[in-house]
1. Right, residue 90: open to solvent by less than 70 Å² (accessible area, probe 1.4 Å), of a type outside the set (Phe, Trp, Tyr) and closer than 30 Å to residue 217 by Cβ or not?
2. If we scan the range 190-212, do we find a residue that is in contact with a strand residue (DSSP E or B) (Cβ under 6 Å, 6 or more places away or on another chain), within 27 Å of residue 37 (Cβ to Cβ), touching a residue at least 60 places away in the same chain (Cβ under 8 Å) and among the β-branched types (Val, Ile, Thr)?
3. Can you find a residue in the range 57-70 that is without any contact (Cβ under 8 Å) to a residue 12 or more places away in the chain, closer than 20 Å to residue 200 by Cβ and open to solvent by 20 Å² or more (accessible area, probe 1.4 Å)?
4. Starting from the range 94-105, keep only residues that are within 8 Å of residue 133 (Cβ to Cβ), then list their pairs with residues that are open to solvent by 10 Å² or more (accessible area, probe 1.4 Å) whose Cβ atoms are within a distance under 6 Å, requiring at least 6 positions of separation or different chains.
5. So, of the residues in the range 152-164 that are assigned to a loop (DSSP other than H, G, I, E, B) and without any contact (Cβ under 8 Å) to a residue 40 or more places away in the chain, which turns out to be farthest from residue 141 (Cα to Cα)?
6. Scan the range 131-176 residue by residue and report those that are over 18 Å from residue 27 (Cα atoms), under 15 Å from the mean Cα position of the chain (by Cα) and open to solvent by 40 Å² or more (accessible area, probe 1.4 Å).
7. Which of the residues belonging to the range 95-130 are open to solvent by less than 50 Å² (accessible area, probe 1.4 Å) and not in a loop (DSSP other than H, G, I, E, B)?
8. When you go through 193, 218 one by one, which is the residue that is over 19 Å from residue 72 (Cα atoms) and either open to solvent by less than 50 Å² (accessible area, probe 1.4 Å) or assigned to a helix (DSSP H, G or I) (or both)?
Amino acid sequence: MWVIVLLALFVATIASYGMIPTLIYKIRNNMRRKERTDKVLYLTFDDGPDRKFTPSLLELLNQYDIKASFFVVASFAGRHPDIIANIKENGHCIALHSYQHNNPFWQTPTQIKLDFEQSLKVFRNQKINPCGYRPPWLRFNLPSMQQMKNYHLKPMLCNVMAEDWRAHTTADAICKKLLNRSKSGDIICLHDGRGRNEAPGRMIEALKKAIPCWLSQGYRFLKVDEYDE
C-alpha cells in the first residue's frame, strides 16, 4: 500500500514539475492562435547561431527581404558576436532558447536560475533585448515559468515543425512538410544549428524552394514580437 502511495506521490511531483506546466503552455498556445485572413507566417529559427549555417540563412532571408525571429542558444551567441550583430543589423528579432540547450525537465531550480542568469548576461553584453523565450524541446517547468516572469520574457512556442533536425531527412521532404502544414497565422519552427549530419544545410535548401511558393501564394512574413498585431 505504502509503495503505491509513494509511487503516486512521485508521479504527481514529476507531473507538477514539468509535464503540467508544458501542457498548460501548449494549451494556451493553441487557444491563443487565431488563423489570419491576411496571409501571414512567422519564420523562427532555433539552436543557433552557427558559424557555417546562420550566415547562409541570413543571406537567403535578405534576398527576399524577409524578417524572421532567432531563438538563440546564449552560449553560442557568446562565441559568435559577429553573427549576432549581423542578425540585429538586418532587422531580425532575437529571443532566448536557453544557455546550453539542456532539457528543462531534468534541471533543478538552481540550474534553471543559473541558466537564465548566464543567458541574460550574454544578452546584456551584446545589447540584445530578447523578444521572448522558447525552452529546449518546448518543455517548461515550474522554475522556468518563474524565471520568465522575473525577466519579463514572453513564452513563445510554435504551430508548425518540419522535423528538419533529423539526420536523414531531405530538403524536398522538409519543403513538402512546410508547404503542407503551414497556414496563415502559423509560427514555424526551424533550426539553423545543432542538427544531425549538417541538417541545417538541408533546411536552408528547403527554404529556397518553399519561400518562392509562399510568396506566390501571397504570404508575407512577420517577427514574433509582432504576433499580437
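The values are calculated or read from the model by the stated rules, or taken from the named source; none is laboratory data. Quantities reported herein were computed from a predicted structural model and do not represent experimental measurements. Neighbour counts are summed over all protein chains in view; Cβ atoms, including those assigned to glycine, are modelled from backbone coordinates with ideal geometry. The accessibility values were calculated without ligands, DNA or RNA, using every heavy atom of the protein model including side chains. Shrake-Rupley method; radii C 1.70, N 1.55, O 1.52, S 1.80 Å.
1. So residue 90 passes the test.
2. no
3. yes
4. Here the result reads 95/130; 95/131; 96/130, each pair linking the range 94-105 to a residue that is open to solvent by 10 Å² or more (accessible area, probe 1.4 Å).
5. Checking each candidate, the answer is 163.
6. Matches in the range 131-176: 165 only.
7. Passing the criteria: 95, 96, 104, 105, 112, 115, 116, 119, 120, 122, 123.
8. From the options 193, 218, the qualifying one is 218.
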